[in-house]
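The values are calculated or read from the model by the stated rules, or taken from the named source; none is laboratory data. These figures come from a predicted structure and were not determined experimentally. A quick note on method: Cβ atoms are made from the backbone with ideal geometry, for glycine too, and the neighbour counts reach across all protein chains shown. Areas reflect the complete protein model, heavy atoms only, side chains present, ligands, DNA and RNA absent. Shrake-Rupley method; radii C 1.70, N 1.55, O 1.52, S 1.80 Å.
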Amino acid sequence: MPHRFYFEGSLDPDQLLLEGGEAHHGLHVLRLQVGDSVLVFNGTGAEAEGVIIKTSRKTIEIKVSERRETPVETQVPLILATAVPKGDRFRWLVEKAAELGVNKLVPLITERSSVDPGENRLKKLQQTIVAAAKQSGQTRMMELGALQKWDDFLEEASRSESQMLVADPEGTRLDVLNMNSTNASSGSLVLLIGPEGGFSPEELESALEQGAKPIKLSKGILRIETAAILFAGLIRLTTDQPG
């Protein structure tokens, strides 16, 4: 199968020019040459197949031979709003969420949060999302939202048609077999994950007041990234967009 590359822009032109990190990877890691076939995607559902017709030290020129659009998603749009774990665990969380096809990940500041990833770190994580999309065959890339305070995010989510599920050790067990029947809304599904110490009683109460359903994921206490990926994986495997 041809190697996949991310191209930031329209795939409509007959010739595309890969530059930057994508070109470097193709030229100096994969050692691609003129005549090699490649696949290019732009993260919005479009994909193009083509052949390399010219290379330089820093660029790859591709002649497009075929274009295609991936079908519209049948699964419910999934938003993962989560406190930020320490160290490299957040990069791992972002990578795996992107591989699972989460539509958007929003890092949260909660009362018991201990990590602020910073704007620069969030920008750098965009390359992690690109790599995850390339590896997993995704043609639509996950959006990484800006850092938001808990109250601000909750207010925003409550104004939409979203259904919210909040991780809570005292909640009910997630019934994955009946997720489709309980998800009657045509809006997004929002998964709320707290920090290592959990949401404060006030934060949990405010979520419940906004209609969030408390869900227990495990008998034990899970780390942020474990809970987030378990939650998102179970939902992604069992929910479809209502017809």
**Report entry** Residue under evaluation Arg112, criteria (1) within 25 Å of Phe5 (Cβ to Cβ); (2) more than 15 Å from the chain's Cα centre (by Cα), criterion not met
**Finding:** (1)
Query raised in the report: Within the bounds of the range 51-60, is there any residue that is open to solvent by less than 20 Å² (accessible area, probe 1.4 Å), within 30 Å of Met164 (Cα to Cα) and either in contact with an Asp or Glu (Cβ under 8 Å, 6 or more places away or on another chain) or at pLDDT 95 or above (or both)?
Result: no
Query raised in the report: Residues in the range 15-37 that are open to solvent by less than 50 Å² (accessible area, probe 1.4 Å), closer than 19 Å to Met1 by Cβ and within 25 Å of the chain's Cα centre (by Cα): how many?
Result: 3
Report task. Please determine, by comparing only the residues of the range 120-140 that are of a type outside the set (Lys, Arg) and open to solvent by 40 Å² or more (accessible area, probe 1.4 Å), which one is farthest from Pro2 (Cα to Cα). Result -> Asn120
Requested in this report: Could you grab the pairs with beta carbons closer than 6 Å, sequence gap of 6+ or different chains, first residue in the range 121-142 and within 18 Å of Lys104 (Cβ to Cβ) and without any contact (Cβ under 8 Å) to a residue 12 or more places away in the chain, second one open to solvent by less than 50 Å² (accessible area, probe 1.4 Å) and not in a loop (DSSP other than H, G, I, E, B)?
Outcome: none
Query raised in the report: When the range 38-50 is examined, which residues are found to be out of contact with any Asp or Glu (no Cβ under 7 Å at 6 or more places or on another chain) and not aliphatic (A, V, I, L, M)?
Result: Gly43, Thr44, Glu47, Gly50
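Yes/no per residue for (1) β-branched (Val, Ile, Thr); (2) surrounded by 18 or more Cβ atoms within 10 Å (Cβ to Cβ):
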| position | (1), (2) |
| --- | --- |
| Gln75 | no, no |
| Phe90 | no, yes |
| Val94 | yes, yes |
| Glu143 | no, no |
| Ala157 | no, yes |
| Val166 | yes, yes |
| Thr172 | yes, no |
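If you check Pro85, Pro71, which single one turns out to be out of contact with any strand residue (DSSP E or B) (no Cβ under 6 Å at 6 or more places or on another chain), open to solvent by less than 40 Å² (accessible area, probe 1.4 Å) and in a loop (DSSP other than H, G, I, E, B)?
Pro85
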Requested in this report: Look at Pro117 and say whether it is open to solvent by less than 50 Å² (accessible area, probe 1.4 Å) and either under 18 Å from Val40 (Cβ atoms) or part of a loop (DSSP other than H, G, I, E, B) (or both).
Outcome: yes
